[in-house]
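Notes to accompany the following structure.
Every number here is computed from the coordinates shown, using simple stated rules; none is lab data. What you see is a predicted model; the values in this text were computed from it and never measured. Don't worry about glycine lacking a Cβ; one is built from the backbone with ideal geometry, like all the others, and counts go over all protein chains shown.
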Amino acid sequence: MGIVTPFPAVPKGVQVGFERAELTRILDLYGRMVAAGHWRDYAMDLGTDAAVFAAFRRAAERPEYRIEKRPALRLRQGMWALIGEGGAVLKRGHELGPVLAPVERRLVKLVEG
């Protein structure tokens, strides 16, 4: 018989993720941007230090926006960050709503124009 090697377990609490209300808010914005014809794809990365939601105009491009949740920064600048296509931090804060505000304002311009 062979030796069975157990799969290395990840300790609980190490992986950062989105809570249901946070993900609902992000996916609602994503759905409205898709309906406006601006975004076509998304990706999520749930790592040990950050959870990232990336929205793409096309799947083969860089993400237009990344929404990052970094709990280690919650007592400093805030754990939420909106990062643009070039990698610049566009908005940072303690609450998700104000961080998503620049994208929501852009959505209003897309729908009106």
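Taken over the Cα atoms of the chain, the convex hull encloses 152 Å³ per residue.
Note on the chain: dipole from Cβ charges, positive end direction compared against L100, V4, T48; the farthest Cα belongs to L100.
Against the chain, whose longest principal axis is taken from its Cα atoms, helix 20-35 shows a tilt of about 50°. Straightening the chain between E95 and Q77 buys 5.4 nm, computed as 0.36 nm per residue apart minus the Cα-Cα spacing.
So what is the relative contact order for region 48-113, in percent, with contacts set as C-alpha pairs under 8 Å and at least six apart? Before the final figure, lay out the partial values.
Working: 101 pairs, mean separation 13.5, N = 66.
Relative contact order comes out at 21 percent.
Arranged from fewest to most other beta-carbon atoms within 10 Å of their beta carbon, L73, L46, L29 become L46, L73, L29.
Compared with the dominant Cα axis of the chain, that is its longest principal axis, helix 96-112 is turned about 40°.
Roughly speaking, what is the stretch gain from D41 to T24, that is 0.36 nm per residue apart minus the C-alpha to C-alpha distance, in nm to one decimal?
On the way: separation 17, 0.36 × 17 = 6.12 nm, distance 1.64 nm.
Stretched out fully, the D41 to T24 stretch lengthens by 4.5 nm.
Going from the residue with the fewest nearby Cβ atoms within 10 Å to the one with the most, I26, I67 rank I26, I67.
Under the criterion of Cα pairs below 8 Å and six or more residues apart, the relative contact order for the chain equals 17 percent.
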